[in-house]
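What follows is calculated from the coordinates using simple rules that are stated; it is not laboratory data. Computed from a predicted model, the values in this text were never measured in an experiment. Here Cβ is always computed from backbone atoms with ideal geometry, including for glycine, and neighbour counts include all displayed protein chains.
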């Protein structure tokens with residue numbers, strides 16, 4: 001049982017006493033949460049890493065099975081403590097484990113971004129899981145900085161299009 005006192009008579013005097021009580025269910029033994037809002041950026045035909053944390057928010061130590069899938073031709077490897085693995089070591093209550101997603105970007109991706117869906121499932125209770133999305137921005141072809149400090153990018157990953165750059169000077 002959990003009892004929470006929200007208001008105990010103040011400031012509404014002359015009331016004798018006012019107490020509100022809520023019955024709170026006990027927290028679960030196993031509960032997993034993944035970090036949200038993770039992003040990564042990398043050029044076409046390269047490998048980049050994205051890092052995110054998996055949190056043990058349950059009442060008992062737990063380990064987690066990690067799964068990741070990506071679109072746009074991106075391949076994903078899961079590394080835990082620098083080793084290829086999809087199962088975390090035991091994570092203490094209230095602690096977290098860093099996960100590295102090694103993302104292999106194809107030479108000619110169809111779009112300038114990719115979505116990586118990551119799922120963590122508790123090994124203590126397989127019904128407990130969390131899912132998050134990692135956003136990958138793919139820089140297809142880039143250059144710069146020029147004399148003005150500007151960078152540029154194009155969608156010509158295979159080099160088939162030729163570009164003529166002209167510098168415009170003020171008179």
Problem set entry | Contact order normalised by residue count of segment 32-139, Cα under 8 Å, 6+ apart, percent | 39
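Grab the Cα-Cα distance for residue 115 and residue 83, subtract it from 0.36 nm times how many residues apart they are, and report the gain in nm with one decimal. Kindly include the intermediate steps, with their values, before the conclusion.
Values: separation 32, 0.36 × 32 = 11.52 nm, distance 2.31 nm.
Extra length available between residue 115 and residue 83 comes to 9.2 nm.
Which shape class, rounded, prolate or oblate, goes with segment 32-139 when its Cα gyration tensor gives a ≥ b ≥ c as root eigenvalues, a/c under 1.5 marks rounded, and past that a/b bigger than b/c marks prolate?
Prolate.
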Exercise. Taking the simple approach of a point 7 Å from Cα along Cα-to-Cβ for both residue 135 and residue 24, what is their distance in nm?
Worked result: 3.4
Seminar exercise, completed: Percent antiparallel among DSSP beta bridges confined to segment 32-139, nearest 5, equals 90
